[in-house]
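The values are calculated or read from the model by the stated rules, or taken from the named source; none is laboratory data. As the structure is a computational prediction, the values presented were derived from the model and not from experiment. Glycine gets a Cβ as well: all are built from the backbone with ideal geometry, and neighbour counts include every protein chain shown. Calculation scope for accessible area: heavy atoms of the full protein, side chains included, ligands and nucleic acids excluded. Shrake-Rupley method; radii C 1.70, N 1.55, O 1.52, S 1.80 Å.
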Amino acid sequence: MYFLKDPGALLEEIALAAAARADSRDLKDLEETNLHKVLAAFQAEEISDFHFAGSTGYGYDDRGRAALDRVYARVFGAESALVRPHLVSGTHAIATALFGLLRPGQELLCVGQPYDTLKGVIGGLPGSLEEWGVSRRLVPWNEDLAALEEEVRRAVAPQTEVVLLQRSRGYSPRRALRVAELGRLIAAIKEAAPWVTVLVDNCYGEFTEVKEPTEVGADLVAGSLIKNPGGGLAPTGGYLAGRADLVELAQARLTAPGLGGELGAYPPGYRLYFQGLFLAPHFTVQALTGAAFTAAFFEALGFETSPRWDEERSDIIQSIVLKRREALLSFAATIQKASPVDSRHRPEPGPLPGYGDEGVVMAAGTFVQGASLELSADGPVREPYIVYLQPGLVYAHCRMAVTEAARVLAQKGFLPA
Ligand SMILES: *Cc1c(COP(=O)(O)O)cnc(C)c1O
């Protein structure tokens, strides 16, 4: 293996070639189109300094909160939106939508296995939809989208009230759905069952394309503010955007019927949410460039990656099949070491339900706890030892961290022969 002669110099060369490939992705138009969307929304809503003031108590007449909802609605091409620090995570945002929309006797149809934390929401845990008499069915994921479309079309039934689609790969070995593909799938569902509400789990997808699912027929989307749309600044929260009547149902569930979205104080004020949204198109493109670099680099080193470096993307996640347990742990350890926060912490595999005996290893040295628009990496400690990388806010940082991770792998003899 010729690496062993001068791994440093050779890796540097391969990294440079990968960086040239990443640059050739040319995501300037994507960034500009989405920034333009965000700016137009800010300007139409005449965002001003006073929108950043906090509120207390009931939070009546919190003008920042109301304006942020309207800005999000415009950005997502939706009638209405609900953007709240009181939504504690993406899971909570999606659960709030599900509980708001579904009634006893109705059915939730999931297309592909839903994200892990949602499984307990749907059934199996105390307080789940199942306990409220909501049934669920699964249409297994199929990479052949024409076949998937046909399977979904056949699966919708009179009792089906909500269809849940997931845009991103999440942490599963499927690919992300492009917005245009979501649009075709949604059209097929609506044709077969016009009464159905289509909810899209939009986590990790925001601003990776010039359109959002709400612009191609999704009735409601939900996501996390410590991922893409928070722009690295939002300290916590989740959002929903879509049809006004559906957002209202979710609001009634988040607070109480009659209170809806009119209450809910936030003493620190929403400045970081506005500024984060303004920065989100830029940071999302930084992440996408980091993902393309990582894919190009690890492909050149002989690893299998998904997506490939030049594939069109619809989320910010880059997976690499590392094939060996020790390679996965080493990769995670290097990402942690290269982080601005907790760089001396060593990630250890920890149990997580559904991930086998050894659980998952997670590297995240982030400013906002668990924020995965920031540089972070996770992987279930099981065959074939896939790492899922979130490339972070700063492309140069991703390049440094990933190059170092490869150098350490080379040093330990973990590169493919
Ligand atoms: C992150 C994520 C969620 C929600 O996760 P939280 O950790 O609760 O914010 C749901 N679905 C997908 C696809 C995700 O990536």
Nitroxide proxy distance, nm - points 7 Å out along Cα→Cβ at residue 369 and residue 174: 3.1 nm
By the Cα gyration tensor axes a ≥ b ≥ c (a/c under 1.5 gives rounded; else a/b larger than b/c gives prolate, otherwise oblate), the shape of the range 284-341 is oblate
Under 11 Å from the 7 Å Cα→Cβ point of residue 113, by amide nitrogen: which residues of the range 330-354? 354
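Nearest 500 deg cm²/dmol is fine: what mean residue ellipticity at 222 nm does the chain get from its DSSP H runs of n ≥ 4 alone, each adding -39,500 (n - 2.57), divided by its residue count?
One gets -13000 deg cm²/dmol as the mean residue ellipticity at 222 nm.
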Quick one: grab the alpha carbon gyration tensor of the chain, order the square roots of its eigenvalues as a ≥ b ≥ c, and give me rounded if a/c is under 1.5, else prolate or oblate depending on whether a/b is larger than b/c. prolate
Listed residues 119, 337 arranged by accessible area, highest first, probe 1.4 Å: 337, 119
Using a simple spin-label model with points 7 Å from Cα along the Cα→Cβ vector, what separation in nm is obtained for residue 23 and residue 325? 4.2 nm
Could you compute the FRET efficiency for residue 304 and residue 191, with r as their C-beta to C-beta distance and R0 at 41 Å, rounded to 0.05? 0.65
Between residue 143 and residue 103, what length in nm is gained on full extension when 0.36 nm per residue of separation is reduced by their alpha carbon distance? 11.3 nm
Top to bottom by accessible area (1.4 Å), largest first, where do 266, 239 land? 266, 239
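Quick check on my link table: of 119/227; 37/227; 190/211; 28/337; 119/412, which ones sit more than 29 Å apart, alpha carbon to alpha carbon?
From 119/227; 37/227; 190/211; 28/337; 119/412, over 29 Å: 28/337; 119/412.
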Heavy-atom accessible area of the chain with neighbours in place, 1.4 angstrom probe: carbon+sulfur share in percent works out to 54 percent
Accessible surface, the range 98-178, averaged per residue in Å² (probe 1.4 Å): 44 Å²
Modelling each spin label as a point 7 Å along the Cα-to-Cβ direction, I'd like the residue 13/residue 256 distance in nm, to one decimal. 7.0 nm
Which helices of the chain meet both criteria: a Cα extent of 27 Å or more along the helical axis and a mean Kyte-Doolittle score no lower than 1.6, with helices taken as whole DSSP H segments? none
Taking a ≥ b ≥ c as the square roots of the eigenvalues of the Cα gyration tensor of the range 204-256, is the shape rounded (a/c under 1.5), prolate (a/b larger than b/c) or oblate? oblate
